[in-house]
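Written out below as structure tokens is the structure these notes cover.
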Amino acid sequence: MIKPAGWLTVTLGPMVKILMLNGPNLNLLGSRETEVYGTASLADILAGLRSEFPDVEFHDFQANGEGALIEALHDAGTWADGIVFNGGAYTHYSIALRDAIAGIDVPVVEVHLSNVHAREEFRHTSVLTAVCQGVIAGFGPKSYSLGVAALLG
Ligand code: DQA
């Protein structure tokens, strides 16, 4: 078919689906230790991602418990194209979350708002990184957007 000039071409492909997953205490972002984590809330960060990446279908989930995060990872394994995951303190010791990431066939980028390596010794270790595609830490809310950019390649 010959299209007249200015014909609107709409590409109807399936949208890339990314889960923004957050662990314990991250529901308090915006008011929690603002000198470390800044003043943006999780809702602000998600809104930022949606405006920066309009072609991505973002889903988000936050839980303070390990079990709910594991369930969310299993579930995302059935539909997500990628996951940006801030495991909060679980990052440093949850073998169960590590196994959940290893058990799904979806790339996960580990993100942290703060530069965990410049903080207390116990934050220097992540049991998740080895089963993630990579890790981004220290850029505040931008860590999430860098994580999404990494997933999109
Ligand atoms: C964090 C760093 C963790 O050490 C801490 O327990 C958090 C947040 C970050 O985003 O900088 O809860 O993951």
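None of the figures in this text is laboratory data; all of them are computed from the coordinates on show. On a predicted model such as this, the values are computed, not experimentally measured, just so you know. With ideal geometry, Cβ positions are generated from the backbone for all residues, glycine too; neighbour counts draw on all protein chains shown.
At-a-glance table
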read-out	value
Filter result (out of contact with any strand residue (DSSP E or B) (no Cβ under 6 Å at 6 or more places or on another chain), among the acidic types (Asp, Glu) and away from the ligand (no atom under 16 Å from the Cβ)) within region 52-95	GLU52, ASP55, GLU71, ASP75
Region 100-124 - residue that is over 22 Å from ALA150 (Cα atoms) and more than 10 Å from the ligand (Cβ to nearest atom) and, of those, farthest from the chain's Cα centre (by Cα)	GLU121
Filtered residues of region 92-123 (kept if charged (D, E, K, R), within 20 Å of GLY82 (Cβ to Cβ) and surrounded by fewer than 17 Cβ atoms within 10 Å (Cβ to Cβ))	ASP99, ASP105
Count of residues meeting criterion [in contact (Cβ under 8 Å) with a residue 40 or more places away in the chain, among the acidic types (Asp, Glu) and out of contact with any helix residue (DSSP H, G or I) (no Cβ under 7 Å at 6 or more places or on another chain)] in region 26-84	4
ILE136 vs. criteria β-branched (Val, Ile, Thr) and away from the ligand (no atom under 13 Å from the Cβ)	no
